[in-house]
Every structure is written in structure tokens, then in C-alpha cells.
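For reference, the structure discussed in these notes is given below.
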Amino acid sequence: MASDSSTALTGLPSVENPVVSAGEACRFLIQASFGPTIEEIARVQQIGYAAWMDNQLAQPVQKHLPILLSQPPEPPKPAPAAKPGETMKSADAMQAPAAAPEPLYPAKSMDEIRMMDARMVGNYYNHRRKFVWWQQSVTATDQLRQRVAYAWLQLFVVSDKDDAFTNFTSSLVDYYDTLLENGLGNFRDLLKAVTYSYCMATYLTYLGNEKADPKSTRRPDENYAREIMQLFTIGLYELNPNGTPKLDEKGQLIPTYNNDDVREMARVFTGFHCTGHEKNWLYGPRCPLQPLQVYAERHDSGEKSLLGGRKVIPAGQPPDKDVEDALDCLFNHENTPPFVSRFLIERFTSSNPSKEYLGRVAKVFTDNGKGVRGDLTAVIRAILLDPEARQVGDNPNSGKLREPYLRLVALVRAFNGKSPDGMYKVAYLNDLVGQEPGSAFSVFNFYAPDYAPPGPIAEGGMVGPEFEITNAVTSVSLPNFLRDCIYNGSMGRWGNNVTLDYSQEIQLAPRASILMDHLSLLLTGDRMSAETRGIIRRAVDQIPETQPEDRVKLAVYLTSICAESAVQP
Amino acid sequence: MNRNSFNSGITRRRFVGQMACAGISCTPLFSTLLNLSLAGRAAADSLSLDSDYRALVCLFLGGGNDSFNMLVPRSGSAYDEYKASRQDIALDSSTLLPLGPSGPNHPELGLHPGMPELKALFDQGQAAFIANVGSLIRPVTLEEFRKETDIPLSLFSHSNQQQQWMTCLPDSPTNTGWGGRAADLLRDQNTGTKVSMSISLAGNNLFQYGRQVFPYSITPNGSVAFKSLAPGQGSPFESVAVKSLLEQQYKTLFEQVYMDTTHSAISAHEAFSGAVEHIDIKTPFPDTTLGKDLHMIARAIAGREALGLKRQTFFVQRGGFDMHAEVLKNQETVLPEVSQAVAAFMTALKEIKVADQVTLFTASDFGRTLTSNGRGSDHAWGGNHFVVGGAVKGGKIYGQYPSLALKTNLDTGQGRLIPTMAVDSYCAELARWLGVPASGLATVFPNIGSFYSPTSGQPPVGFMT
């Protein structure tokens, strides 16, 4: 192939013998990363999708917790001033306000830090977790892995809305790292890591869960037992391998479990707690950065019949074996491949995959071609490289509404976002856009996988989950926020915002059509229609060429709010 | 913001709320997706409202309220049964706020100690409690439950039970809620209005989805203005460009629906903010999210004439009721918050002189297990609710308060009680008060015939005047 010379005019580096066009590369990066950048577009064009993915998998895992712990925690509150009429104790009076303590890392290793008393790990307010999230999502080079972890957080939901995490910000960050480490590994390992995590046990209330007490009416907490089935593995209704629901002889959906099954499953998730609770079950030490233990004395080791006898766990096994057996049962259930595949497809490429596409992906989940079930790297590859994901057909129903939060991150990546002081200070945008990672209102995430906005989408038998957070408030406050950020040249509303760099675009500003080509690529995957382009161009052309920055800002703003930016095909 | 370089002389076009029929599909139903105002209504109708305004406020307690710790037997064997079942999570009888004498359908009951404001409303006759309400397809016995005959789909699942409370169709998933279906029938009473009669403080919600009427989302501070179109903000060519983008015909369905949502929001904001912006309510509200939400609802109600609304529903949600881990401490926080916010709301309604015309009612996924898992409780079925308003026949307990002993013929296990009143009956009473005629009740509540005969001339429950 000849070099793609048109790209030289659009402000993108020209690529010799590109494997794919710049537009195709952008569209892929919108799906597979937190948003295209000039460098990544060129890389995808040079080596193609599959090799880009290989390259991504070879990147080191860029965790979030070491970054948090390498930054100073909040200082402890200074001693209170004396009240009128009181003499301050001399010791207090001599105490200077405490400076911020030293960060723990890298002076101590992560292993040492994990063994420390939770209260010594340092007080980080919740927004610090969000700052680190922004830093990594914008700048980390293992973009695919970061993007995959972001998706898993919407299945294995934990949320800072639970007060239990108020003084344990580090645990939520560590949980995200668990999703980063396991997100492209095997689903069975991911499921186990989540199950043994302090965060999930806290959020779904099985931390300290005990077997039934025959003397009182107390019986095990059923929360995790229900949600691990309903939300994390098999869902509510039996599915065919291509994700279509099975129907009984009366044409009705077939539930996968009933309340008895929940009760039985609840017996498995008993005895979970932090290390060090042998002598003090309720008030032993917290271990938010360590996996949980299952204590035999508190665990129900009787025989358990799961899912109506599908798996019978014999009595008297070690507790961890009970848990492994239960996780195996759910992992091996025929619903799990289509259920999880559909979730992932919705997060990456399409709200309404054809059943053939879903079936192809589910098949890879079932067997990656080498006899392995649950190979998530193979599944993500199958999702991103499938023809239905790569080709923009004439199907007017293809694609999906982009998650609004991802549009914000993509904007920052597109304009080379940088922090003025080392922290990417963006947080608490959920009232504007309806979502924020790690801040869902419930374990059901921000939107249901089968939400359909009333009107032609629902009438066409389609779904559009992201429409559930698109309403009269967010559909206006998101463009308003984009406007503020773009005109200010920075993302956020905290102060010391992440700066946006328009220098490249300012060079293109005198020629509006080239500027439009450039922005159409960067922000819409080259999907901008001629009509949209004309509307924006007419507006930009009203600004004199002597004001290139104003031209650029208006062009960026209008492009970032147009429908082609909101929807990915 | 660098706007000095823009020409700030702006001609501002007005959106009227009439949409050009979108290119994808010109069905009337599609245009009503955009239709946060009423299609085809002459905007010039003068609004001659008499005092006949009515509104329902649905306060959804998200997660499943542990309501047998809200409305509690306070004495005698009824209390002993409660205590024996609930053990560590039982309230002390001496702390309960007395709610009057026993009746044929209930023992002596008390209210959770954190809700004195709600008790005061009860004593004034402006609040009532409705006992053991839950989703039913038809009345079922324990035997039928065990055989899974005609029981609601996915009982004990949050998402399904929340939906079933909103749709009143536990036997078949649907995408309209009873509030939306009622709004569809009543919209003719709202002539000339430019915003939806169904207003939500909690975003899109199934309760308010109808076939023609959809929820209009606002914030606790009201509706949101689109900056590019606001006077003194966007330059003329910026606002022209934005309007052109909004009015374009798009090739893909998702693009079209997305832009139409924005377009509708802009029209509705003009009307809503015009009517409500200047309204000031003197009654103080608690500084909680729920307090702010109810304050905004009171302001919106005060603006009803300017909005041309005679019948409305409001939807507001308060989460945090899914108390698997800890019931007693959590209720000490959340129940007072509810009680104080609701009481302030009633006071505000009196201030704007609509106390008899607005009824607030609770809804929740389900009640919770009488037995505990230690300090928490799990998902159950029947639960207790309350209604508040001047039109409520208050100071009474309605429905059949169940025995709270375990292993009764209502106990499906662990103290999950079969409801003794269907959500249909509870909500039909409210819908009827709102103005749904007897002939329309079966449309709004397709299963109502299993519980109540709309032609009987009697109310479904009897707690509304």
C-alpha cells in the first residue's frame, strides 16, 4: 500500500504502508483504549490491530496503589485550640501542627505495607483514589489492560458510596489493581480474586459472615450468594450459547436458580474474615490490603447441594475447597460464557451484537482453541477483532452510545493532558454525567445491561444501556461541562486542573477544513458526517484567522458535543 | 473564559417544544419520545385552573426497607413474637413511639424511635400506615408458594422487585410503570403544558414511563440550562451551530435518539425554569439530599399554574436500605432523615396551600427477613409503608398486620412473609385519588381484578378521602 499521504495534511504523522487507515485506527482505539492519541493512531496504522494488542499485553501492569502510596497522605488534624478560660496543656501548646506524614512507598515495599495495621497505612481521602485513576487512565501505556479493568469494575461492582470504605481508600485502589492484574487472565482466577477481596466482602456484606446458629434464628447472609449468581456469572435466566434466552414448553423464560439455591450457596460464603480474627471474631484487625481467610470454626462445612443438585459439595471439606467447588460450579455453568461475553461486548463495541457475534465470542470463552475455558485475553481479542466490531456496515443500529465518562478521558488524551503539579485532579463529576468509576449507587452499576430507552430503540427490540443515564439533566450538563473545560483549556473543577494542549491544532487553524478532518479523526473516529462538518466549519469560519486559539476551541467544543462524538459505530 | 473576542450581540431563537418529525421514524409514538410537552396542544390555550390540582409523590426507599423495625408491635404477645423472631435486631419496646390502640386488623403498634415527626403527622391525622404490602400476581397460600404457583418472577431480587413495584406486573416484564400509565390517562387534564407532568429527582425511572408520557429529570436546584444557548454566554455563531446540530437528521438511530434527548431537555428547561425559578418556599428543609429533593418538589408544585399542570407525579429515591450487615445502627441514621424531610415537605405543602392536594407514599423493593444473619437482615417480601398528605384518612393502620412469629402460614422461611395486601391495591387507591377513573384502573393495573373490583364502588383500601 502507498503511504497514507492525506494524514500528513490532517496533523497526524504520515505512515508508510499503513495496515489500516487513520480513521479505522481511531475507531479501534475508541473501543480498545481510553481514547486515541497521535502516537497510538500511528502505531495501530503501522502494525495493525492484533499486533497492537500483543504490544499492549507485553506492557508491564501499571498499578494504581503504588502511585497513591508514593504520594503524601493527608496530615493528621492538629490539636484543638484551648477554649476560652482554659489553659492549654503545655504539651499540646508546644505541639506544632503536624506536617503531612511521609509517603510509605517506596521506602517500604508493598509486601511490608500490606502487613501493616490498616490505620498506619495513611489517611487518603476518596478523591485521591480518583486522581490516581485519572493519572493512569490518561497516561499509562498499558491502555488495553486499564480499559479492561475499568469494564470489570462495572461487573464486579464495589462503590465508595458505601460508608465502610470511608477510611479505607487504599483498599478500593488495591481492588482496582486486582482487576488490572487478573482482568486479562482467566475468568476463574478473576472470580476467585474478587471473592477473596476485602472490598467485595465488605461491599456485599460477607465479611464476618457466619454459619447458621441452631440456637437462635441467625442464618448466613445471602447477599453475595445471590449477586455472584445474578450479576457476576450466570444471570437470572437460562441462555443458549449465543446469548438468546432459552424458553420452556410454554414459551417462558427459565430461571437459573431459586431462593433455596441462594440459601444453599450462602452457606458456602461463611467464615470469611481478615487474618488475625481467631480470638476476636468481630473486632480483630482490619486487613484491607490482604486477601481474606476462611475460618473453619465459622464456616458451614455440611453437605451442600448447589443449584438444585447440579453440584453437591460433600461434608467435611476444608473451607477453601468448598469455595473452590462453588466457584467451579458457577464457572462451568453453560450460562457463564454468553452472560459474561454479552457484558463485555456491551462495554467495548456494541449494545446490540448479533447473536452470531455473541455466539462467536462466547465460544472463545468456552474454549480458546487450546482447550482452556475462561481465557479473557482470547475473549477480548475475539470481541475487538470480530468482523462485526471492525467493519462499519450499513446497519443503522450498530455500535453503542459511548459512556459519557469515557468521552471526558478521551478528550484529555486527545489533547495531551498534563498535570501542573503531579496529580491529575479530576473528581466528583457524577452529578454532571451520571457516572464515575467506583461510585455506583448499587451493585447493579450505573445502567442495566438490558435497558432500552422508550421509543424507536425499545420498539425495535434493541437496548442502549448508556441511555439510562442520559436524561434532561445529564444531556445538558455534560455538554456544559465540556464547554467549560475546552474553553478553559483544562479538565476538572478542582483547581490545578489537567491542562489541554491545543498547539498542534492551532497550527491547523487557518484552514478550517483540515482542522475539521483532524478533529473528526481524533474525537469521532472519522465518523463526522458532511452535514455536521459543514455546520461546525461555518461557525469556525466566522472567527478571524488572527484568532486561531478561539477557532480551535470552538471547533473542539462543537466536535466534542456532536452526535458522532457521543455514539461509537 | 476567553469570550471577549466573540461578538456578544445575540439573537436568541426560542424553542417552542414542537419537534420536527425526526427522519428515522415518523410514528406518533416516536415523536412523543421527544414530547416532554404534549404534542398537538395549542400553546395559546389560556390556563384557567381551578383549585382541582392533585399530585402523587413516590418516595422510593431503595434496597428494601426493614419495615418490621419501622412499624412494630409494641406490647403483649405480639411484641414477644417480634422479639423472639428478630432477637439481636429487635427494638426495645420502651423506645417505640405509640401509634394508638389496637384494631381488628392490627395489635398495638409503635413507630421506630427515630421518627417522631412522622408520629406527629399520624396523630394529626395526616399520615397512615399500610401493613404488609408486597408484589403478588394473585393472592397465594404458603402451599402455592412452595409449589411456585403464580408467584412473582425473581422474588427477592432487587432489580426485579424494584421493577415490579414500579410496573405492578410481577408476572411479565414490561417497560411501562403504573405511574406512567396513569399519566397517559390523565394527560388530557394538563392542557397547554410545556413540560412532562411526570417529574423525577432520580433520573430515568420505570415508575414514570408511560406510552406517551415520560419522566422529566431535574436536579435539586431545578432544570439545567444549555450554556451555548443562554443569553450572554454563547456567541451568535456558537448558538446557531448548536441549534443546527440539534435539528439535524441523523443517519443512525442512536445518534438521532441522543440528540433528540438533548433537544427535548432544552425546550423543557425554558418552560420549567420560567415557571419555577423565582419561587421561594419559606419552610426550612433539612440539609440532606432527601430534604433538598423534596424542597425542589415543593417548588415545582408551587409553579404548577405557570406550567399548566393539574395532575402530576413526582419520583424521588433514597438509597441505603439494603441492610444486610447492620440494621439497628443504619436505621438510626436513615429513618430520622426520612421522617424529618417528609415532615418539612408537609409543612411546605401547607405553606403553599396544597396540603390536601398532594399525597406522598413510600415504595420499596421488599421488606426484610424477620430473622437476622447476625446484625443484618436479608431480602424478604411483604413490608410496611406509609402515606402522608391532607387527603389521607390518617391516624390509622390499614391492611392486615401479620403475626411476626416464625413458621406461621404466612412465613415462607426465615420470616419472609407473604404479603397480605398487593401493591396493586395500595397503588390503585392512590391512582384513584389522583383521578384515574374506575374504568381506567384495569389499564393502569392489569392484575387488579385478582384483588379488587373497580366496579364495586368501594375504594381498594380506604385510606384516601
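Miscellaneous remarks
- Checking every one of the GluC sites (Glu not before Pro) in region A:531-569 against DSSP loop status and a limit of 14 other Cβ atoms within 10 Å picks out A:Glu545.
- Take every pair of alpha-carbon atoms less than 8 Å apart whose residues are at least six positions apart; their mean separation over the length of region B:145-242 yields a relative contact order of 20 percent.
- Kirkwood hydrodynamic radius of the protein assembly as shown, Cα pairs, Å: 30.4 Å
- Here the ratio of the Cα radius of gyration of region A:22-61 to 2.2 N^0.38 Å is 1.05.
- Residue (of A:Pro404, B:Thr465, A:Pro437) at the positive-pole extreme of the protein assembly as shown, dipole from beta-carbon charges: B:Thr465
- Here is the short version for chain A: A:Cys26, A:Cys199, A:Cys329, A:Cys485, A:Cys562 have no other Cys C-beta closer than 4.7 Å.
- Counted over the protein assembly as shown, the DSSP beta bridges are approximately 55% antiparallel.
- Shielding of A:263-269 by partner chains, average beta-carbon count, 10 Å: 1
- Nearest-0.05 FRET efficiency for B:Thr95 and B:Lys393, computed from C-beta distance (R0 35 Å): 0.80
- Dipole of region A:234-273, positive end: most advanced residue of A:Thr270, A:Tyr237, A:Leu253 [Cβ charges, Cα centre]: A:Thr270
- With all projection directions averaged, the alpha carbon convex hull of region A:223-368 covers 10.9 nm².
- Violating pairs (Cα-Cα greater than 19 angstrom) within the set A:Lys130/A:Lys425; B:Lys292/B:Lys350; A:Lys130/A:Lys400; A:Lys246/A:Lys355; A:Lys63/A:Lys108: A:Lys130/A:Lys400
- The aspartates and glutamates whose alpha-carbon is closer than 14 Å to the alpha-carbon of A:Lys321, local same-chain residues fewer than 8 away aside, are A:Asp300, A:Glu303.
- Theoretical FRET efficiency, 1/(1+(r/R0)^6), r = Cβ-Cβ of A:Ile254 and B:Glu332, R0 30 Å, to 0.05: 0.10
- For the pair region B:163-214 / region A:314-372, the C-alpha centres are spaced 37 Å from each other.
- Cα gyration tensor, region A:283-335 - rounded (a/c under 1.5), prolate or oblate: oblate
- Relative to the current alpha-carbon distance between A:Ser14 and A:Trp281, full extension at 0.36 nm per residue lengthens the span by 89.7 nm.
- Percent of Cα pairs in region A:251-327 per distance bin of 10 Å, from zero to the largest separation: 18, 41, 26, 12, 3, 0.
- Dividing the summed helix terms, -39500 (n - 2.57) for each DSSP H run of n ≥ 4, by the number of residues in chain B produces a 222 nm estimate of -9500 deg cm²/dmol to the nearest 500.
- Each Lys and Arg adds +1 at its Cβ and each Asp and Glu adds -1 at its Cβ; summed about the Cα centre, chain A shows a dipole of about 480 debye.
- Label-to-label distance for B:Lys147 and A:Glu459 is 4.3 nm, based on points extended 7 Å past Cα in the beta-carbon direction.
- Lys, Arg +1 and Asp, Glu -1 on Cβ, resulting dipole of the protein assembly as shown about Cα centre, debye, nearest 20: 1240 debye
- Chain B, relative contact order [Cα under 8 Å, separation at least 6], %: 29 percent
- Using C-alpha pairs below 8 Å separated by at least 6 residues, the relative contact order for region A:441-528 is 13 percent.
- Estimated distance in nm for a label pair at A:Ser305 and A:Asn240, the labels positioned 7 Å out from Cα along Cα-to-Cβ: 3.2 nm
- Prolate is the label for region A:318-362. Its Cα gyration tensor axes, ordered a ≥ b ≥ c, give a/c of at least 1.5 and a/b above b/c.
- In this simple spin-label approximation, A:Ile506 and A:Lys355 carry label points 7 Å from Cα along the Cα→Cβ vector, and these lie 5.7 nm apart.
- Axis angle, to the nearest 10 degrees, between helix B:158-167 and the longest C-alpha principal axis of chain B: 70 degrees.
- Anisotropy class assigned to chain A is oblate, per the alpha carbon gyration tensor with a/c at or over the 1.5 cut-off and a/b no larger than b/c.
- Shielding by partners for peptide B:223-229, expressed as the average number of C-beta atoms from other protein chains within 10 Å of each residue's C-beta, is 6.
- Between 0 and 90 degrees, the angle of helix B:328-351 with respect to the longest Cα principal axis of chain B falls at about 60 degrees.
- The Rg/Rh ratio for region A:402-452 is 1.05, where Rg is the radius of gyration of the alpha carbons and Rh is the Kirkwood radius.
- Ranked by how many other beta carbons lie within 10 Å on average, peptides A:263-270, A:518-525, A:311-318 from highest: A:518-525, A:263-270, A:311-318
- Gain on full stretching of the segment that runs from B:Asp188 to B:Glu305 - 0.36 nm per residue minus C-alpha separation: 40.6 nm
- Centroid-to-centroid separation of region B:395-410 and region A:425-480 [C-alpha atoms, Å]: 40 Å
- Descending Cα extents along the principal axes, region B:319-412, whole Å: 47, 29, 19
- Under the combined filter of DSSP loop state and at most 10 neighbouring Cβ atoms within 10 Å, region A:318-423 retains none of its chymotrypsin sites (Phe, Trp or Tyr not before Pro).
Every number in this text was worked out from the coordinates using simple rules, so none of it is lab data. Quick caveat: nothing in here was measured; it's all calculated off a predicted structure. Glycine also receives a Cβ, built like all others from the backbone with ideal geometry; neighbour counts cover every protein chain displayed.
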